[in-house]
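Only the coordinates and a few stated rules stand behind these numbers; no lab work does. Fair warning: this is a prediction, and the values are worked out from it, not measured in the lab. Positions of Cβ are backbone-derived with ideal geometry, glycine not excepted, and every protein chain shown enters the neighbour counts.
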Amino acid sequence: MSRNPASNEISVASSSIAKITLQTISRATAGIDCFLASEFFSYVDSNGLSLKFLDLKKKGLKLRMISDIGMKQASLYRGFLNYFEIRHFDKIASNIILIDDAEFVMFLKKNNDRRRLLRISDKSFVSAQQFLFNSLWSIALPYKEKIKEFEYDKEKSFTKNVSKSYEIRNIIRKSITSSIDEILVLFSEFEVLIHSKKLGILNLLEEASKNGIRVRTIVYCENKKVKDEIRDSFHDNFPNISVQYLQKPLQTRMTTMIFDRRTFLDISPDFNFSRNLEGAKGLSVYSNNEIKLNSLLSIFEFLWIQSDIDNQKVIKEAYFKLFKGFNLRDENYKRSWKFEMSKKKT
């Protein structure tokens, strides 16, 4: 590859690729667009690069990635969602980074597996590559849609009865960490929520919400003191989880968790969240049965709306109660508004 020493528009490096990559990315001021294959992070400093991308994201830069996402590599991209918007396109074989629509970086590999870094800053060339990226971006499949495609292809209808505590905890953890869109949780008894906090389940939900997953929780609790304690706990420790409080008890005592509107876990009221318990009296159900799932979704959404209405009523009652002790009089206030134009003396 030739090099123009005067303008330095084209250069090739064969050593310190990781260092040069970080230095190049650090120059970004507007945005970074990437074509990245799954093996890319195997020959650069993935931790250092991830921290750099996260830093750029916090500074407000726009980061986009197009990759050929396979089922085996799907989980690899989950961490990138903290800073990248990701889309899928078939047969992405090259690793290319475009910086501020001004610099092109490509990772090359020889037959002897020796890697090189190609950098081009020629404006016309980079603009052409940026046009190609934008064109593919407009037709590429969003990451979440691609993951759903995998799930629909591999999953058949199933219903699994679970009685052992460790199995239920494993299902909860696996389902939370693999969710990509939304998690809904209905605690019919506040004691279960408290035990969930002790087991770290609320921490997992909070972490999921930080990764862009919408987490909504409904909990039944009539005790005002306990409710205030729960509210303070969410405010201090789990601020990204949306919570609504039910004023009336439910007909069922089951605790229900719904993941991405695809699967659900109905946890038995007899289930004990103790770490040492090997079994429980009642059966819990893990399933993706469509009829049952749609029913649970309808119930959750209804209770979410109802709890919001009830909470608004409580706020209004508290507001009126605040002013109830004051003997306020009905008074009318009148004022005559007159505006006069000042005349300039000639």
- Query: In nm, to one decimal, how far is the modelled label at residue 157 from the one at residue 29, with both set 7 Å along Cα→Cβ?
  - Reply: 5.9 nm
- Going fewest to most other Cβ atoms within 10 Å around each Cβ, 202, 186, 293 line up as 293, 202, 186
- Task: Anything over 26 Å Cα to Cα? Flag those among 59/174; 19/57; 148/227, in the order listed.
- Result: 59/174; 148/227
- Item | Packing-based order for 178-184, 134-140, 213-219, using average beta carbon neighbours within 10 Å, highest first | 213-219, 178-184, 134-140
- Could I have the simple spin-label model distance between residue 102 and residue 242, label points 7 Å from Cα toward Cβ, reported in nm to one decimal? 4.0 nm
- Item | Residue order, fewest to most beta carbons within 10 Å, for 191, 103 | 191, 103
- Item | residue 16 paired with residue 49, simple spin-label distance in nm, labels 7 Å along Cα-to-beta-carbon | 1.9 nm
- Note down the magnitude of the dipole of segment 86-175 about its Cα centre, charges +1 on Lys and Arg C-beta and -1 on Asp and Glu C-beta and zero elsewhere, to the nearest 20 debye. 580 debye
- Message: Assuming 0.36 nm per residue, please report the length gained on full extension of the stretch residue 131 to residue 116 beyond their Cα-Cα distance.
- Response: 3.0 nm
- Note on the structure: In nanometres, the difference between 0.36 nm per residue of separation and the alpha-carbon distance of residue 302 and residue 78 is 77.5 nm
- Query: In which sequence would 198, 52 go, from the one with the fewest C-beta neighbours within 10 Å to the one with the most?
  - Reply: 198, 52
